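Read the structure below first, then the notes.
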Amino acid sequence: MKHTLKEVADHVGGRVVGDASVEVSGVASIASAAAGDLVFVEDEKNLGPALECPASAVIVGESAAPGSASKALLVAVHPKLAFARAARILCDAQKRPPGVHPTAVVPLSAKVGRDAIIEERVVLGAGAAIGARSRVGAGCAVGANVAIGEDCEIYPNVSIYPGTRLGNRVMVHSGAVLGSDGFGYVRDKITGRYEKFPQIGRLEIEDDVEIGANATIDRGALEVTRVGRGTKIDNLVHVGHNVQLGENVIIAAQTGFSGSIVVEDNVVMGGQVGLGEHAHVGEGVMLGGQSGVLPNKVLRGKGIAFWGTPAKPVREYLKELAALARLARKR
Amino acid sequence: MKHTLKEVADHVGGRVVGDASVEVSGVASIASAAAGDLVFVEDEKNLGPALECPASAVIVGESAAPGSASKALLVAVHPKLAFARAARILCDAQKRPPGVHPTAVVPLSAKVGRDAIIEERVVLGAGAAIGARSRVGAGCAVGANVAIGEDCEIYPNVSIYPGTRLGNRVMVHSGAVLGSDGFGYVRDKITGRYEKFPQIGRLEIEDDVEIGANATIDRGALEVTRVGRGTKIDNLVHVGHNVQLGENVIIAAQTGFSGSIVVEDNVVMGGQVGLGEHAHVGEGVMLGGQSGVLPNKVLRGKGIAFWGTPAKPVREYLKELAALARLARKR
Amino acid sequence: MKHTLKEVADHVGGRVVGDASVEVSGVASIASAAAGDLVFVEDEKNLGPALECPASAVIVGESAAPGSASKALLVAVHPKLAFARAARILCDAQKRPPGVHPTAVVPLSAKVGRDAIIEERVVLGAGAAIGARSRVGAGCAVGANVAIGEDCEIYPNVSIYPGTRLGNRVMVHSGAVLGSDGFGYVRDKITGRYEKFPQIGRLEIEDDVEIGANATIDRGALEVTRVGRGTKIDNLVHVGHNVQLGENVIIAAQTGFSGSIVVEDNVVMGGQVGLGEHAHVGEGVMLGGQSGVLPNKVLRGKGIAFWGTPAKPVREYLKELAALARLARKR
């Protein structure tokens with residue numbers, strides 16, 4: 001989509017220095033930019049290369065903004081954020097026309113909202129409801145009574161178990177499985193066999209959540225598994241039954257949650273973190289990659305980083321690593 | 001399904017104290033129970049809340065059973081197990097009527113057993129055989145000559161490679177991949193290229209196994225990969241070629257097995273455990289989350305817990321963790 | 001496929017000792033061999049069992065080759081490599097006849113090469129191109145403008161995002177997701193919300209790459225994610241945006257790459273390794289299972305093995321493990 005730099009500046013909340021009528025039609029990195037592209041500079045040392053690259057305009061921060069430049073500038077408080085927002089209006093992927101593809105299976109009891117896109121080979125279960133302007137990608141299997149909100153983007157080959165509920169503007173990448181049975185058994189001490197504990201709860205995903213490719217999120221056993229508003233989950237993450245994830249939580253790839261874990265708002269987790277059942281991660285805690293949190297453990301401290309297995313404050317853990325290295329050198 | 005408490009008690013092997021004719025039609029947690037629900041109490045301190053909640057009846061253990069109560073009681077030796085068994089008759093999900101959906105692709109050479117359910121868009125390969133009362137969910141791709149036993153539940157979008165064999169009552173969750181090629185190559189020292197070692201063995205899964213969402217289990221290279229009866233595998237677990245898993249093994253999410261590993265019966269593994277090729281885990285061993293077992297390593301000891309990388313007896317490992325913490329504090 | 005041992009020897013570059021006209025029609029392990037099979041011996045102590053098993057012929061190395069034997073021998077410099085190559089002509093799976101299955105959705109703008117196989121329920125996007133003799137398995141969702149080279153094998157239920165490019169002879173196993181959005185957000189400090197950074201780059205996979213079941217490889221954010229020629233990626237591996245993987249790299253299962261990592265040629269990684277963003281792994285480095293490489297870290301040393309978190313030279317790490325064990329024993 002083509003826009004003048006002035007229009008973009010108005011959209012992202014910035015001001016133009018130079019020619020406000022210059023047109024931009026895409027975003028790019030400095031290394032890959034072509035004419036018509038908008039680029040951004042966070043680090044002042046990249047300003048020179050940005051001005052020299054073929055891009056048509058550059059987003060810069062207030063402090064870095066020169067009085068005049070060889071290119072039109074969009075000056076914003078937070079240039080990377082402005083760039084992300086500009087991309088949303090410039091790179092709006094050409095969506096296909098709305099409607100239900102003839103190869104999709106949509107029972108009479110299912111509801112498809114206005115301007116929704118139901119792609120090839122989608123299967124909707126009885127009573128499923130897809131909100132307005134949402135897209136359900138090719139090959140998705142949407143179980144009975146699943147409710148998907150408005151403006152959602154469900155990529156191809158996602159599987160959603162019956163009764164799962166998604167809010168608005170939720171993005172789910174290919175291969176993700178939502179609402180599968182949790183991992184719970186009761187052992188019969190006489191026969192030695194494991195019998196399945198009922199996994200009949202639900203999964204609720206709030207607005208503005210994004211879920212990565214091949215991630216799996218289990219339904220509650222008897223209760224509800226919940227993913228809070230604005231939380232972002234990377235590829236191949238596992239979320240067990242009854243887990244409660246807060247709002248604006250960031251979870252990098254391949255991290256795994258056992259059952260009944262509570263994660264408060266604004267937590268940030270690296271990749272491959274593992275958490276035992278009933279662990280509790282307090283607001284704003286940060287967990288380094290590959291950390292391990294023991295069952296029932298409570299971690300607290302806004303902005304405090306934890307690392308290692310069992311996870312401890314990162315300064316403490318680094319001291320241990322250093323002490324061990326010294327000890328090994330001694331011999 | 002509605003049943004009298006007497007019928008439920010007869011099914012799970014317990015006895016009723018109070019009104020045996022009270023009807024129950026579902027199970028729930030104490031926190032979420034409504035009239036008509038059956039709840040259970042393992043910890044005596046929950047007996048009060050259970051009797052006060054809206055549930056219609058309560059399962060309690062022998063020792064905790066009061067002589068009389070405000071609610072009908074089902075007294076059982078192992079209340080949680082009785083609850084799990086009660087759930088099976090009370091929560092029998094309304095299955096759809098048996099039959100082959102017209103959008104499924106079923107070649108003439110495939111066999112579909114009596115009362116089996118072949119859902120939308122399933123593709124069966126030549127010579128595939130689906131046992132009586134088994135369900136193959138929407139979008140599953142079942143390769144040539146795959147044999148699935150009776151009463152199996154294959155959730156949507158599962159992929160099963162040719163020749164794989166599943167026993168009876170096997171559950172496979174969405175996105176799982178069964179019988180894929182193992183990871184084996186031979187390097188040509190002259191060109192530096194890796195050439196594929198043949199991955200032409202088979203995968204056999206015995207009765208009563210459950211396999212989690214997006215788990216992957218590779219076929220044998222030249223031999224057979226085997227998952228023993230009653231073993232339960234959580235989401236995103238990886239099982240390499242030629243692995244032999246015993247009976248009643250519990251494997252939590254994101255654990256990974258390299259090739260040719262042997263795991264004996266009754267082993268319990270936490271999440272994110274990694275095992276090197278040709279490792280051997282003896283009967284009844286327990287492995288803590290994120291443990292690492294080196295290639296060719298043998299772990300033995302019924303009921304012994306191992307932890308850490310490389311995995312060692314947990315007491316030993318905890319001593320090391322404590323010694324390191326002391327050492328770091330000294331400076 | 002039946003071949004004389006002479007034909008096989010000519011194909012793999014070896015010579016026959018004994019009856020060169022003996023026919024072989026498959027490969028097997030010594031333990032599972034039947035008449036008609038070809039087996040191989042790497043370790044001299046297996047020569048006896050190989051000669052006694054029912055196989056029709058045995059591949060042996062130059063040094064182990066007896067002057068005469070009870071069975072026809074194929075003598076090769078590298079017997080396991082010869083075996084792998086023999087398997088390719090002996091075990092050529094009966095491919096189905098080429099063509100587009102009537103249940104596949106192929107738009108007019110898509111191109112399907114000569115003798116390609118487009119299986120049941122495949123969905124090709126506008127402008128997608130499938131090379132000659134390539135197979136796209138049942139249920140695959142291939143996005144708009146995806147280009148797949150010649151002789152590729154895409155197993156069922158793979159999802160490929162728009163614009164992704166695959167070279168020739170690429171194998172992709174079931175459930176893999178190629179070209180999904182990377183995990184990148186910009187936080188709005190005022191609202192506390194994470195806004196999506198554009199993920200509009202591309203994914204390019206070069207010739208002879210193999211990708212395991214349920215692996216996920218993200219597209220570049222603004223640039224290109226690249227998987228070099230001959231690289232082999234195991235099941236459930238995660239590759240983040242902008243990662244550059246060199247040629248002939250081996251990556252075992254469940255390893256994860258954050259964004260913008262560079263891996264040079266001939267690197268070998270164990271399973272469950274985790275690498276932080278902008279890490280750089282130099283040519284020929286080896287990384288033990290479960291290692292962790294910190295963000296921005298550079299590892300160098302052809303043939304040097306690293307292990308642990310943070311990864312260090314394996315000798316150093318083993319010294320630390322030993323020192324810690326001694327320390328713990330002291331008390």
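Points worth noting:
- Filter result for the condition that a residue is crowded, with 23+ Cβ neighbours inside 10 Å, at pLDDT 95 or above, of a type outside the set (Phe, Trp, Tyr) and assigned to a loop (DSSP other than H, G, I, E, B), over A:Arg121, A:Arg114: A:Arg121
- A:Ala311 being within 21 Å of A:Thr231 (Cβ to Cβ), under 17 Å from the mean Cα position of the chain (by Cα) and of a type outside the set (Asp, Glu): no
- Test result for C:Ser21, surrounded by fewer than 19 Cβ atoms within 10 Å (Cβ to Cβ) and closer than 17 Å to B:Phe197 by Cα: no
- Of the residues in segment C:30-51, none is within 24 Å of C:Gly167 (Cα to Cα), touching a helix residue (DSSP H, G or I) at 6+ places or on another chain (Cβ under 7 Å) and either within 14 Å of chain A (Cβ to nearest Cβ) or touching a residue at least 12 places away in the same chain (Cβ under 8 Å) (or both).
- Checking each residue in segment C:211-233 for being under 17 Å from the mean Cα position of the chain (by Cα) and surrounded by fewer than 24 Cβ atoms within 10 Å (Cβ to Cβ) picks out C:Arg226, C:Gly228, C:Arg229, C:Lys232.
- Restricting segment C:95-124 to residues that are of a type in the set (Lys, Arg) and within 23 Å of B:Cys140 (Cβ to Cβ), the residue that is nearest to the other protein chains (Cβ to nearest Cβ) is C:Arg121.
- Complete set of residues in segment C:233-256 that are outside any strand (DSSP E or B) and not polar (S, T, N, Q): C:Asp234, C:Leu236, C:Val237, C:Gly240, C:His241, C:Val243, C:Gly246, C:Glu247, C:Val249, C:Ala252, C:Ala253
- Residues located in segment C:130-148, provided they are surrounded by 24 or more Cβ atoms within 10 Å (Cβ to Cβ) and either basic (Lys, Arg) or more than 14 Å from chain A (Cβ to nearest Cβ) (or both): C:Ile130, C:Ser134, C:Ile148
- Only one of the numbered conditions (1) more than 30 Å from C:His278 (Cα to Cα); (2) assigned to a loop (DSSP other than H, G, I, E, B); (3) not aromatic (Phe, Trp, Tyr) is violated by C:Gly163, and that is (1).
- Residue check for C:Pro156: within 13 Å of chain A (Cβ to nearest Cβ), under 23 Å from B:Gly184 (Cβ atoms) and assigned to a loop (DSSP other than H, G, I, E, B): yes
- When A:Leu236, A:Leu222 are checked against the criterion of being of a type in the set (A, V, I, L, M), modelled with pLDDT of 95 or more and farther than 21 Å from B:Leu236 by Cα, A:Leu222 stands alone in meeting it.
- If the condition is being out of contact with any helix residue (DSSP H, G or I) (no Cβ under 6 Å at 6 or more places or on another chain) and surrounded by 19 or more Cβ atoms within 10 Å (Cβ to Cβ), then segment A:197-207 contributes A:Gln199, A:Ile200, A:Gly201, A:Leu203, A:Glu204, A:Ile205, A:Glu206.
Quick grid of which residues meet (1) within 19 Å of A:Val186 (Cα to Cα); (2) within 31 Å of the chain's Cα centre (by Cα):
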| residue | (1), (2) |
| --- | --- |
| B:Ser29 | yes, yes |
| B:Leu38 | yes, yes |
| B:Leu51 | no, no |
| B:Ala57 | no, yes |
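- Whichever residue in segment A:149-176 is over 17 Å from the mean Cα position of the chain (by Cα) and among the hydroxyl-bearing types (Ser, Thr, Tyr) and, among such residues, is surrounded by the fewest Cβ atoms within 10 Å (Cβ to Cβ): A:Thr164
- Residue satisfying all of: in segment B:57-74; touching a helix residue (DSSP H, G or I) at 6+ places or on another chain (Cβ under 8 Å) and either closer than 16 Å to B:Asp10 by Cα or modelled with pLDDT of 95 or more (or both); farthest from the other protein chains (Cβ to nearest Cβ) among these: B:Ala72
- Among the conditions (1) outside any loop (DSSP other than H, G, I, E, B); (2) at the interface with another protein chain (Cβ under 7 Å from one of its Cβ atoms); (3) buried (at least 21 other Cβ atoms within 10 Å of the Cβ), the only one that B:Gly179 does not satisfy is (2).
- Single unsatisfied condition, B:Ala144 versus (1) within 20 Å of C:Met171 (Cβ to Cβ); (2) of a type outside the set (D, E, K, R); (3) not assigned by TED's automatic domain parsing to the domain that holds B:Glu119: (3)
- Unique match (being assigned by TED's automatic domain parsing to the domain that holds B:Pro313, assigned to a loop (DSSP other than H, G, I, E, B) and in contact (Cβ under 8 Å) with a residue 60 or more places away in the chain) among B:Gly259, B:Gly230, B:Gly284, B:Gly220: B:Gly259
- Residues located in segment A:27-40, provided they are in contact with a Leu (Cβ under 7 Å, 6 or more places away or on another chain) and modelled with pLDDT under 95: A:Ser32
- Verdict on C:Leu90 being at pLDDT below 95, closer than 27 Å to B:Arg187 by Cβ, surrounded by 14 or more Cβ atoms within 10 Å (Cβ to Cβ) and more than 12 Å from every other protein chain (Cβ to nearest Cβ): no
- Residues in segment C:287-310 that are under 16 Å from B:Gly308 (Cα atoms) and assigned to a loop (DSSP other than H, G, I, E, B): C:Gly288, C:Gly289, C:Gln290, C:Ser291, C:Gly308, C:Thr309, C:Pro310.
- Residue in segment A:124-146 that is nearest to C:Ala144 (Cα to Cα), counting only those that are part of a loop (DSSP other than H, G, I, E, B) and in contact with a Cys (Cβ under 9 Å, 6 or more places away or on another chain): A:Gly139
- When segment A:204-253 is limited to residues that are of a type in the set (Ser, Thr, Tyr) and closer than 23 Å to C:Ser180 by Cα, the one that is nearest to the other protein chains (Cβ to nearest Cβ) turns out to be A:Thr216.
- Flag for A:Gly127 being without any contact (Cβ under 8 Å) to a residue 60 or more places away in the chain and either at negative phi or within 13 Å of chain C (Cβ to nearest Cβ) (or both): no
The values are calculated or read from the model by the stated rules, or taken from the named source; none is laboratory data. Nothing here was measured: the structure is a model prediction, and the numbers come from that model. Positions of Cβ are generated from backbone atoms using ideal geometry, with glycine treated the same way; all protein chains shown enter the neighbour counts.
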